[in-house]
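Notes follow once the structure below has been shown.
Computed from the coordinates by the stated procedures, all read-outs in this text should not be read as laboratory data. Here the structure is a predicted model, which is why all the values come from computation and not from measurement. Counting neighbours? That spans all protein chains shown, and the Cβs are built from the backbone with ideal geometry, glycine included.
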């Protein structure tokens, strides 16, 4: 069985962002900052940690008869025989592949490690008639850069700066 998980470098930076947010929240509590500031920070932390937990548990597996998508608290199984179409949407360097059946669908993104190999497995196991021309082109011409890593690293730098200032540092 072949398994594909979310890229480790994405998980690392997202986890680091979550840890820095938790450190900032604890520092705000220790320094007895205003309740509003603490609540807003807590409200920001929840989606970041939720996204981290969800991403950590995401996994796509292929076996002889089906695709198995594991996520936090749930699992979806799509039989190859049930797939009616495989379509692709590109938004700049982000790629989303939709695997559709009559009753359900599965979305895959290029946030998975070895995305090219994942697409190769998908296109090898499914009939060519259900694969869109855009998806076939994508297999041959994968985007190489992913810009969300820049945004996440920028968040880490900004959080480190905020922690520095919160601890009394000056610039």
For the chain, longest principal axis from Cα atoms; helix 115-125 axis from its Cα atoms; angle between them, nearest 10 degrees, is 30
Contact order relative to length for the range 37-88, counting C-alpha pairs under 8 Å separated by 6 or more residues, stands in percent at 21
Per the helix-only model, the chain has a calculated mean residue ellipticity at 222 nm (DSSP H runs of ≥4, -39500 (n - 2.57) each, divided over all residues, rounded to the nearest 500) of -16500 deg cm²/dmol
Tilt, helix 8-30 to longest principal axis of the chain (alpha-carbon atoms), in degrees rounded to tens, equals 30
The range 75-117 scanned against label point 7 Å out from residue 3 along Cα→C-beta; backbone N under 19 Å for 75-78, 109, 111-117
Taking Cα atoms only, helix 148-166 is inclined relative to the longest principal axis of the chain by an angle, in degrees rounded to 10, of 10
At the level of C-alpha centres, the distance separating the range 104-140 and the range 13-72, in angstrom, is 28
Once residue 63 and residue 113 are pulled to full extension, the length gained, defined as 0.36 nm per residue separation minus their Cα-Cα distance, is 16.2 nm
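Sorting check: for 110-122, 57-69, which peptide has the highest mean count of neighbouring beta carbons within 10 Å, and how do the rest follow?
110-122, 57-69
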Cα pairs beyond 22 Å in the chain, in percent, come to 53
Share (percent) of C-alpha pair distances in the range 57-118 greater than 15 Å works out to 53
Checking 84, 34, 17 against a Gaussian network model of the chain (alpha-carbon springs below 10 Å), the top fluctuating residue turns out to be 34
Taking max minus min of the Cα coordinates of the range 108-161 on each principal axis, largest first, gives extents in Å of 53, 16, 14
